[in-house]
1. Restricting attention to the range B:176-200, report how many residues are in a helix (DSSP H, G or I) and within 9 Å of chain A (Cβ to nearest Cβ).
2. Residues in the range B:28-41: is at least one of a type in the set (S, T, N, Q), modelled with pLDDT of 95 or more, closer than 16 Å to B:Tyr8 by Cβ and not assigned by TED's automatic domain parsing to the domain that holds B:Leu236?
3. Here are the criteria: (1) under 21 Å from the mean Cα position of the chain (by Cα); (2) crowded, with 24+ Cβ neighbours inside 10 Å. Tell me which single one A:Phe287 does not satisfy.
4. List every residue pair whose Cβ atoms sit under 8 Å apart, with the two residues 6 or more apart in sequence or on different chains, where the first one lies in the range B:127-140 and is facing chain A (nearest Cβ under 8 Å) and the second, anywhere, is of a type in the set (A, V, I, L, M) and surrounded by fewer than 16 Cβ atoms within 10 Å (Cβ to Cβ).
5. Could you grab me the full set of residues in the range A:94-113 that are farther than 18 Å from B:Val195 by Cα and in a loop (DSSP other than H, G, I, E, B)?
6. Does the range B:38-63 hold any residues that are surrounded by fewer than 19 Cβ atoms within 10 Å (Cβ to Cβ) and small (Gly, Ala, Ser), and which are they?
7. Give me a count of the residues in the range B:225-271 that are within 8 Å of chain A (Cβ to nearest Cβ) and among the hydrophobic types (A, V, I, L, M, F, W, C).
8. Hey, could you check the range B:60-91 for residues that are in a loop (DSSP other than H, G, I, E, B) and of a type in the set (D, E, K, R) and say which is nearest to B:Leu109 (Cα to Cα)?
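The values are calculated or read from the model by the stated rules, or taken from the named source; none is laboratory data. The structure displayed is predicted, hence computed values, not measured ones. Heads up, the Cβs are rebuilt from the backbone with ideal geometry, glycines too, and the neighbour counts pull from every protein chain shown.
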Protein chains: 2
Amino acid sequence: MTNIAKPYLVFLADAENPTLAKTALGVRDWARKDCAGQLRLTPSTLDIGLPDLTPSEAAARGARSLLIGVAPVGGQLPAAWQGVLLEALEAGLDIVSGLHVRLETFPALAEAAARLGRTLHNVRHSKIAFPIATGRKRTGRRALMVGTDCALGKKYTALALTQAMRAQGIDATFRATGQTGIMISGSGIAIDAVVADFIAGAAETLSPDAAPDHWDVIEGQGALFHPAYAGVTLGLLHGSQPDALVLCHDPVRTVTSFFPDYPLPTIEAAITAYLPHAQRTNPAARFVGISLNTSALDEDAARRAIENAGARTGLPAFDPLRFGIAAVVDEMLAGTLEAAFAAV
Amino acid sequence: MTNIAKPYLVFLADAENPTLAKTALGVRDWARKDCAGQLRLTPSTLDIGLPDLTPSEAAARGARSLLIGVAPVGGQLPAAWQGVLLEALEAGLDIVSGLHVRLETFPALAEAAARLGRTLHNVRHSKIAFPIATGRKRTGRRALMVGTDCALGKKYTALALTQAMRAQGIDATFRATGQTGIMISGSGIAIDAVVADFIAGAAETLSPDAAPDHWDVIEGQGALFHPAYAGVTLGLLHGSQPDALVLCHDPVRTVTSFFPDYPLPTIEAAITAYLPHAQRTNPAARFVGISLNTSALDEDAARRAIENAGARTGLPAFDPLRFGIAAVVDEMLAGTLEAAFAAV
């Protein structure tokens, strides 16, 4: 597992679109105390509300790592970033990257890091060899976030759910499956970087046997309907063996992000598609809630969207960043009690 | 792509179970002229009908490579094999491996290969970086083999179908997605070795745009119901964008190989499960045949099983190694003609 030195200087490059800055926004929202500042390359770059600092200024304020907070499509490292990254290494910062390409494949970065004694963290890459999945049912309880698309709130839902469960005294652990989640929590497995044969095996490793009343709350990835990433989603679903599924959806999104020819399924169609696959490795799997990303709606419209989703599915619907998450926790626990009674 | 020197000395180690010797059997059946002999470590090792040769004897008869024809569960290299592999390198043979572990991670093998100028082929590992899938519909026609489990005839079905189509004058290419297929055909992508994010992208790369009447006949992998490998299967299905699907099934198998807690689906349930996923990236996808592996049945029982599968699904059913494949080719072409008329 990676051990990252904090606080962070969050690097936003020239990203203007929040969709490309998921990592930066996630770390800001869920590890705010670990963020010393932000580094933006142009005046029109997204401002995430942290102090603007150069690498030297950040180091002087105690920052330990420059965190690459934007994810270019395809995961490559733009050549224009190298100067800034070298400046950060010279200023005394490690570099934390969630990109597909490894930082050390750039000779100038590898040389500077070696010379200065800095660490290049490639959070997306795991050096652990995972086993082939066994399909054996594990002890403890698991919740998995699934979605109608990428980038619509699966990680935030899992983080908020973990927080709400802990607030109720439930023993719950957030399990990160993507680079941002790993950066926030400090551990996890970048499941989309695992060799394809081992996706489900890595998911089994991520949430091991646990006490009967312990919950792992697992960050989801991709979507079963996604033309590029569905394989990751299905392997994660099988290996996670979730007791509880939360469907994450954006009520104003009509097509798959970056894949305009691929319409999103309805929430009913998504539930119908996910459930049999989930029940293959855990026959007790069931949906316990609908998490709506209502960030594009005003409060009235958000409440209407949530009421609509709840009425259509008969499940508690909520926006984890706005209102209603307690009902989902109740639904999860009710299901657990029912299962416990059924087992008597 | 890998370029392998032939003929082969096929190494069977001490495997007694044909299920573990898929690679050896595949190369013998579909590239018989490229097999100089077999190398077995014990008298009870499976005999695949090739001359028993030592590495030196094989080299003297013109063999160029020792091909590891058995696949231990988990893909590791048993320590006991190293002596034989060193002997092969000394005798003048390259080594061809489809295991997960790379041959050069064994220092003695790496040293001997470097000293002797031999090549260590790790067919399962691709050095190519694949793109993220685009989901863009490609030109040309594609058939994909899918199954109710692993190891029940997807590769053989694809090879036989390619052969039958060519015999009818149809321009068809076998596309290998596993190590045995790659060893037989000399090219392909070991799809289960691709990084998870790129499964569908690798599948798109494997069957590029082609002439309108050209068919790629794509070897399948895993099964949508498999607790370890379903992610690979779904990514391959999405990226392949098949026009025609052939369901491969073993009528005497009741549970998933090596996963006895996982019953196999019926052929009807399998079709119902696969089709919506296939139609996500190619709305015209349809099943054109049922390929039964009847190797455990006598001829009468095999014919009954095939009739039964045909009657239940309304599709041509066949055993590619026994009888009936022509009807599937007809069904594929009929579908193509219907599609062509529908497009007018």
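1. First, the residues of the range B:176-200 that are in a helix (DSSP H, G or I): B:179-185, B:191-193, B:196-200.
After this cut, where a residue has to be within 9 Å of chain A (Cβ to nearest Cβ) as well, the list is B:191-193, B:196-200.
Selection size over the range B:176-200: 8.
2. The first filter runs over the range B:28-41 and keeps only residues of a type in the set (S, T, N, Q), leaving B:38.
Now drop any that are not modelled with pLDDT of 95 or more, which leaves B:38.
Now drop any that are not closer than 16 Å to B:Tyr8 by Cβ, which leaves B:38.
Now drop any that are not not assigned by TED's automatic domain parsing to the domain that holds B:Leu236, which leaves B:38.
The answer is yes, given that some residue of the range B:28-41 is of a type in the set (S, T, N, Q), modelled with pLDDT of 95 or more, closer than 16 Å to B:Tyr8 by Cβ and not assigned by TED's automatic domain parsing to the domain that holds B:Leu236.
3. Answer for A:Phe287: the failing condition is (2).
4. Between residues of the range B:127-140 that are facing chain A (nearest Cβ under 8 Å) and residues that are of a type in the set (A, V, I, L, M) and surrounded by fewer than 16 Cβ atoms within 10 Å (Cβ to Cβ), the close pairs are B:Ile132/A:Val73.
5. Within the range A:94-113, the first condition is being farther than 18 Å from B:Val195 by Cα, and the residues that meet it are A:94-96, A:104, A:106-113.
Answer for the range A:94-113, where residues must be farther than 18 Å from B:Val195 by Cα and in a loop (DSSP other than H, G, I, E, B): just A:Phe106.
6. The answer is B:Ser44, B:Gly49, B:Ser56, B:Ala60, B:Gly62.
7. Final tally of qualifying residues: 7.
8. Pass one, the range B:60-91, residues in a loop (DSSP other than H, G, I, E, B): B:61-64, B:69-78.
Still in the list and also of a type in the set (D, E, K, R): B:61, B:64.
Details: B:Arg61: 23, B:Arg64: 17 Å.
The selected residue is B:Arg64.
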